[in-house]
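Student: Please see the structure below; I have some questions.
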Amino acid sequence: MSQTPPREATPPPWAALSLIGLIFLNMLGFGIIVPLLPFYAKSFDAPAWQITLIFSAFSVGTFFGEPYWGRLSDKYGRKPLLVMTILANGLCYLALAFAPNAWAAFFIRLLGGLFSGNGSIIQGYIADVTPPERRTRQMSWMSAAWNVGLIVGPGLGGIFAKPSLGHVGFQLPLFISAGLFMTSSFLILLFIRESRQRDESNTFRPNRWAATGEAARHPVIGRLMLVTFLVGFAFTGIEAIFGLWTEARFGWGPRQIGWAFMFVGVASAVTQLFITAPLSEKFGQATMLAIGMAITVVCIGLQPFSPMGTTTIVLMSLSAIGQSVAWPNVSALISETADPHRQGQILGLNNAMGALARVVGPQCAGATFPISIHAPFVQGAIMVVPAIFLAISAGRRARAWREAQAAQPPP
């Protein structure tokens, strides 16, 4: 099988930055809505279990969407799938503004999550136009754009939301969010060049479940997918109970929690913009992945012993830095070792593991929190420890794979 994916006039490497800049509009729109969701759901007089259901619906949709859109983009090209999924996501936010009840909001969020599962298409585009040695840099900038969107977006949502008006008070932020998604879709249609031509070959593309088994058996990809799940399980579980934990420990309210997450977002964005790529290019992707996991374990494990809120924010920020030097390397290593004809599908399967972790992690953290308010942190640290060794092992296997590829005669 050819190791060169089907391409037409391949866009230059800076095209990835252009796409990341336009995708920032999506991330900004997402950031506007996420902090408002609990209050939006309450406007329907929804009980707590329905509010958490509306939250989890998005991740469930993403779990199914990521491999599906990635697989289609491998065959039909990245651009049409990006334009379609982003436009559909904007329409879902528009529909959310007119949802008549909590159940309608649940199904709209489920559908929105399905169309939002297009991260594999974006990562596939970056892999198409970027040489392997620079992919971590581009992946980290994509993650930075995400974090900046989550820093700026909640502030905009807070300015335009009027909870005192009930359900109607959330329509303007939802309109703005929908408009940002639709604008992004339109600009991608006009200005972003396709990175690969329609694949008319008879290359076999297994269905999701067969591909999952194949990826799990891969010496590099299988280990990295497990890393994605373990760390996502730990981190999202802690995020889910963080407000309750800080309230119990320090008497914090929404304002203090908002400031804490702002510091975390800034730490992540700065790390991904200026630190992740140089370190990975100097010391190796797998090495920085393992170091990032180790930093995360230490910070999560120390959190129950933090004597004050300031220490908590410092540990959270350091943990975010550990995550930030680690995660872009996962996508870069997968894109390098996956079949070029199926990069989107394999990246989608990895993203789906993250989505599954976002569903399971908060539920497990919520189950252990009543036993001890510190239990989710202990649970999270224990879950991340194996990820350190999986990262080291994946790095060794990836190095052997590169040597094997270099030893093959040219086609």
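Student: I'm checking my understanding of the structure. Among residues of segment 354-389 that are touching a helix residue (DSSP H, G or I) at 6+ places or on another chain (Cβ under 9 Å) and not in a helix (DSSP H, G or I), which one is nearest to residue 50 (Cα to Cα)?
Tutor: 369
Student: Now for a different question. Would you mind stating whether residue 74 is buried (at least 23 other Cβ atoms within 10 Å of the Cβ) and more than 16 Å from the chain's Cα centre (by Cα)?
Tutor: Yes.
Student: Which condition breaks for residue 68 when tested against (1) buried (at least 24 other Cβ atoms within 10 Å of the Cβ); (2) among the hydroxyl-bearing types (Ser, Thr, Tyr); (3) within 25 Å of residue 126 (Cα to Cα)?
Tutor: All conditions pass for residue 68, except number (1).
Student: Which one of these is surrounded by 24 or more Cβ atoms within 10 Å (Cβ to Cβ), more than 20 Å from residue 125 (Cβ to Cβ) and within 17 Å of the chain's Cα centre (by Cα): 324, 331?
Tutor: Just one listed residue meets the conditions, 324.
Student: I need a count of the residues in segment 327-337 that are under 12 Å from residue 137 (Cα atoms) and of a type in the set (Gly, Ala, Ser).
Tutor: Within segment 327-337, residues that are under 12 Å from residue 137 (Cα atoms) and of a type in the set (Gly, Ala, Ser) number 2.
Student: Separate question: Taking the stated definitions as given, is residue 229 in a helix (DSSP H, G or I) and at pLDDT below 85?
Tutor: no
Student: Quick check on segment 356-384: of everything there that is under 19 Å from residue 223 (Cβ atoms) and under 21 Å from the mean Cα position of the chain (by Cα), which residue is surrounded by the most Cβ atoms within 10 Å (Cβ to Cβ)?
Tutor: Filtering segment 356-384 for residues that are under 19 Å from residue 223 (Cβ atoms) and under 21 Å from the mean Cα position of the chain (by Cα), the one surrounded by the most Cβ atoms within 10 Å (Cβ to Cβ) comes out as 384.
Student: Are any of the residues in segment 154-174 part of a helix (DSSP H, G or I), touching a residue at least 40 places away in the same chain (Cβ under 8 Å) and over 27 Å from residue 53 (Cβ atoms)?
Tutor: no
Student: If we scan segment 141-150, do we find a residue that is assigned by TED's automatic domain parsing to the domain that holds residue 55, modelled with pLDDT of 85 or more, touching a Pro at 6+ places or on another chain (Cβ under 8 Å) and under 30 Å from residue 288 (Cα atoms)?
Tutor: For segment 141-150, residues assigned by TED's automatic domain parsing to the domain that holds residue 55, modelled with pLDDT of 85 or more, touching a Pro at 6+ places or on another chain (Cβ under 8 Å) and under 30 Å from residue 288 (Cα atoms): present.
The values are calculated or read from the model by the stated rules, or taken from the named source; none is laboratory data. This structure is a prediction, so every number in the text was calculated from the model and none was measured. Don't worry about glycine lacking a Cβ; one is built from the backbone with ideal geometry, like all the others, and counts go over all protein chains shown.
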